[in-house]
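What follows is one structure encoded as structure tokens, with my remarks underneath.
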Amino acid sequence: MSIDIQSTAFAIPGTARSTPRATFGSIEAGRGIAALLVVLYHADRLATNPTYWHARAFGGAFIGGHAGVEFFFVLSGFIIAHVHARDIGRPDRLRRYVARRFDRVYPLYWLVLTGIITLTLLGLAVPSLRHVDAAVIARSYLLIGGDSHDGVLTVSWTLFHEILFYAAFAVLIVHRRAGIVVGALWLAAIVTCAVGASGGAGIIPAYVTSPLNLLFALGVVTQIAVRQRRVRYPWLWVALGLMAFVTLAAEEAFAGGLGETARNLLYGVASAAALGGVVSRERDRQFPVPAAMSVLGAASYSIYLIHYPALSIVARAMQRAGLIAAMPENVGFTLLCVVVVGLGVAVHYGVERPVMTWLRQFRRHRDLLLNRVTEIDGEKLQVMFAVR
């Protein structure tokens with residue numbers, strides 16, 4: 001889920017360039033919570049399988065855990081708007097923006113995707129692995145295509161939305177007015193399709209006009225409100241957001257009267273309220289974030305990418321070891337989630353961080369080399385003109 005699915009060091013737009021970059025521990029914790037919610041949601045669905053416990057863990061308390069995705073989308077809109085606010089209308093910053101977005105999404109995703117494809121080709125019958133053919137593999141690697149849900153890695157559908165949002169924001173960096181026009185047209189297309197006038201059906205991929213994309217815009221609006229200090233009584237907004245989130249989850253578990261689209265958007269509104277409140281509070285007054293939540297936040301992208309196939313693999317291993325039959329569903333469910341989250345953290349420290357470090361070093365050395373070549377070429381030109 002890319003959360004950006006990503007950086008938590010933000011420069012406060014509108015301040016002097018010498019102002020130290022502020023780090024929001026609450027954002028990091030939020031990423032961890034969002035990833036954990038998605039894990040709990042998928043683990044709950046797996047637990048209902050007759051092959052395993054054939055029952056919902058903890059009475060179906062995690063049926064609304066999919067809202068972690070909605071929170072991720074709001075969070076992504078907030079972070080991109082915050083990190084790249086000074087890049088808007090500056091086309092010279094586009095290369096840096098694209099490089100940062102590419103590094104945060106594709107390298108680890110490609111490694112995980114390649115691993116999943118390899119497992120599939122080896123004939124490992126893991127239920128969570130989808131079919132593979134040339135077209136599906138190509139779309140999966142590019143994260144661009146006609147059907148965001150037709151991918152090898154089940155959770156990759158959210159990354160299709162993420163890349164789409166990154167592309168729209170890139171237009172804003174190239175040209176502010178053009179970006180605003182593109183954004184307005186995109187929002188208009190989403191609203192038009194949502195009310196039933198989907199004239200572009202069959203031409204425009206469904207995920208392009210999905211109402212879920214509105215959550216990115218909601219995150220951007222939240223960032224603007226925080227930046228302009230319009231979020232008063234931040235703890236009240238946090239409380240209202242959390243109460244709305246819990247209420248929606250309860251409604252989904254016990255009533256289910258709301259439509260899916262309405263519920264998803266309301267989850268986004270609740271996420272934005274809580275996010276805006278907690279970041280506004282931390283901006284004015286730092287507060288400690290538990291170390292465990294910081295670790296989960298840092299590892300959230302790794303957890304998100306590997307958790308779906310890992311749930312199937314670990315559950316089958318538990319079944320073969322006799323743990324499924326020996327443990328009550330709540331105990332087994334908890335063990336399953338702890339192991340899968342632990343694997344995600346291990347992937348973060350063992351794979352994601354080394355890869356990101358290597359990419360930073362590679363780009364730094366490449367830029368130094370290019371600068372040196374440019375200096376040498378400049379010196380040669382000066383000599384040539386001097387000789388003439």
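The values are calculated or read from the model by the stated rules, or taken from the named source; none is laboratory data. Predicted model only: the values in this text are computed from it and were never measured. Virtual Cβ from ideal backbone geometry, glycine too; neighbours counted across all protein chains shown.
Remarks
- Some residue of the range 87-94 being surrounded by fewer than 22 Cβ atoms within 10 Å (Cβ to Cβ), under 20 Å from the mean Cα position of the chain (by Cα), basic (Lys, Arg) and over 30 Å from Arg263 (Cα atoms): no
- Residue in the range 223-232 that is under 20 Å from the mean Cα position of the chain (by Cα), crowded, with 20+ Cβ neighbours inside 10 Å and part of a helix (DSSP H, G or I) present: yes
Yes/no matrix, rows are residues, columns are (1) part of a helix (DSSP H, G or I); (2) closer than 29 Å to Trp110 by Cα; (3) not β-branched (Val, Ile, Thr):
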| residue | (1), (2), (3) |
| --- | --- |
| Glu282 | yes, no, yes |
| Gln286 | no, no, yes |
| Ala292 | yes, yes, yes |
| Ile306 | yes, yes, no |
| Val341 | yes, yes, no |
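- Residue in the range 172-189 that is surrounded by the most Cβ atoms within 10 Å (Cβ to Cβ), counting only those that are in a helix (DSSP H, G or I) and not aliphatic (A, V, I, L, M): Trp186
- Inter-residue pairs, beta-carbon under 6 Å, first among the aliphatic types (A, V, I, L, M) and in the range 287-302, second assigned to a helix (DSSP H, G or I), 6+ apart: Val289/Gly25; Val289/Ala29; Met293/Ala29; Met293/Gly32; Leu296/Gly32; Ala299/Gly344; Ala299/Val345; Ala299/His348
- Which listed residue, of Ile117, Ile144, Ile137, Ile163, is touching a Phe, Trp or Tyr at 6+ places or on another chain (Cβ under 8 Å) and either within 22 Å of Ile306 (Cβ to Cβ) or assigned to a loop (DSSP other than H, G, I, E, B) (or both): Ile144
- Residue within the range 249-258 that is surrounded by fewer than 18 Cβ atoms within 10 Å (Cβ to Cβ), assigned to a helix (DSSP H, G or I) and not small (Gly, Ala, Ser) present: yes
- Considering the range 154-171, the residues that are aliphatic (A, V, I, L, M) and surrounded by fewer than 22 Cβ atoms within 10 Å (Cβ to Cβ) include one that is nearest to Ile203 (Cα to Cα), namely Leu164.
- Inside the range 330-349, residues that are over 17 Å from Gly59 (Cβ atoms) and aromatic (Phe, Trp, Tyr) make up a count of 1.
- Checked against the criterion of being among the basic types (Lys, Arg), surrounded by fewer than 21 Cβ atoms within 10 Å (Cβ to Cβ), out of contact with any Cys (no Cβ under 7 Å at 6 or more places or on another chain) and within 26 Å of Arg56 (Cβ to Cβ), the candidates Arg316, Arg353, Arg285, Arg281 yield just one match: Arg316.
- Within the range 236-248, not a single residue is in a helix (DSSP H, G or I), modelled with pLDDT of 90 or more, hydroxyl-bearing (Ser, Thr, Tyr) and surrounded by 14 or more Cβ atoms within 10 Å (Cβ to Cβ).
- Filter result for Arg100 (within 24 Å of Asn213 (Cα to Cα), at pLDDT below 95 and surrounded by fewer than 16 Cβ atoms within 10 Å (Cβ to Cβ)): no
- Within the option set Ile163, Ile144, Ile173, Ile190, being at pLDDT 95 or above and within 29 Å of Val38 (Cβ to Cβ) holds for one residue only, Ile163.
- Count of the range 277-296 residues which are modelled with pLDDT of 90 or more, closer than 16 Å to His82 by Cβ and not hydroxyl-bearing (Ser, Thr, Tyr): 3
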